[in-house]
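A short write-up of the structure that comes next.
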Amino acid sequence: MRVCRVIGHVVASSKHPLLAGQKIMVVRPEDEASGALQVAVDGVQAGIGSKVLVVQSGAAGAEVTGAERPPCRSVIVGIIDEEAAA
Amino acid sequence: MKLAKVVGTVVLSQCIEPFRGQILHLTQDIDEHLEPMGEAEVCATWAALRERDAVIVEVAREACNAFDPPLPVDAAIVGKVDEIRLG
């Protein structure tokens, strides 16, 4: 799981049927200043600028799509309010 | 999942049975300036796309699930992007 920032979203009218209706957000890991643009299915209605938790897991993909075998593994599973290191 | 651009097509002269007739595209990741970066990757796709189309690529085991029956691939194009809106 990675802490990421939502930096945008993607408009994709043509996508896999199991992703139909899913909002896809552009996310950037907090520890990366640049690099390839990563996207994740939004399971929590995160807004642009939100700090979020992104999971790379087929089980998370199954949870948000309702499909047993989803074609996605990148999912925003939570919005982070606060982070504290002990 | 990541954003990429289609930069070509791959044609197999011989292949294992599940790949027969399967469309394969070469893609390259894109950066925040929407410019291609890094090395090209071969992705299976459910539809023929054109060069320079922006696409959503899923990798690893879940890429198989884009196909019915599942195709033994580790990268698949799962969406064609109309617009990328960066905030």
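I'd like the full set of residues that are buried (at least 16 other Cβ atoms within 10 Å of the Cβ), out of contact with any Leu (no Cβ under 6 Å at 6 or more places or on another chain) and more than 7 Å from chain B (Cβ to nearest Cβ), limited to region A:58-78. Passing the criteria: A:Ala60, A:Ala62, A:Glu63, A:Val64, A:Val75, A:Ile76. For region B:1-21, a residue qualifies if it is assigned to a strand (DSSP E or B) and of a type in the set (A, V, I, L, M, F, W, C), and the qualifying residues are B:Leu3, B:Ala4, B:Val6, B:Val7, B:Val10. Residues that are crowded, with 21+ Cβ neighbours inside 10 Å and either on the phi > 0 side of the Ramachandran plot or touching a Ser or Thr at 6+ places or on another chain (Cβ under 6 Å) (or both) occur at least once in region A:29-47. Restricting B:Leu49, B:Leu24 to residues that are of a type outside the set (Gly, Ala, Ser) and either touching a residue at least 24 places away in the same chain (Cβ under 8 Å) or not in a strand (DSSP E or B) (or both) narrows the list to B:Leu49. When region A:1-16 is filtered for residues that are surrounded by fewer than 16 Cβ atoms within 10 Å (Cβ to Cβ) and more than 9 Å from chain B (Cβ to nearest Cβ), the ones remaining, listed by number, are A:Met1, A:Val3. Among the residues of region B:34-63, the ones that are more than 16 Å from A:Gly35 (Cα to Cα), of a type outside the set (A, V, I, L, M, F, W, C) and either buried (at least 21 other Cβ atoms within 10 Å of the Cβ) or within 7 Å of chain A (Cβ to nearest Cβ) (or both) come to 4 in all.
Of the candidates A:Asp81, A:Asp42, the single residue that is within 13 Å of chain B (Cβ to nearest Cβ) and among the acidic types (Asp, Glu) is A:Asp42.
The numbers here are math on the coordinates, done by the rules we state, and not lab data. If you're wondering where the values come from, they're calculated on a predicted model, not measured in any experiment. Note that each Cβ is placed from the backbone with ideal geometry, even for glycine, and that neighbours are counted across all protein chains shown.
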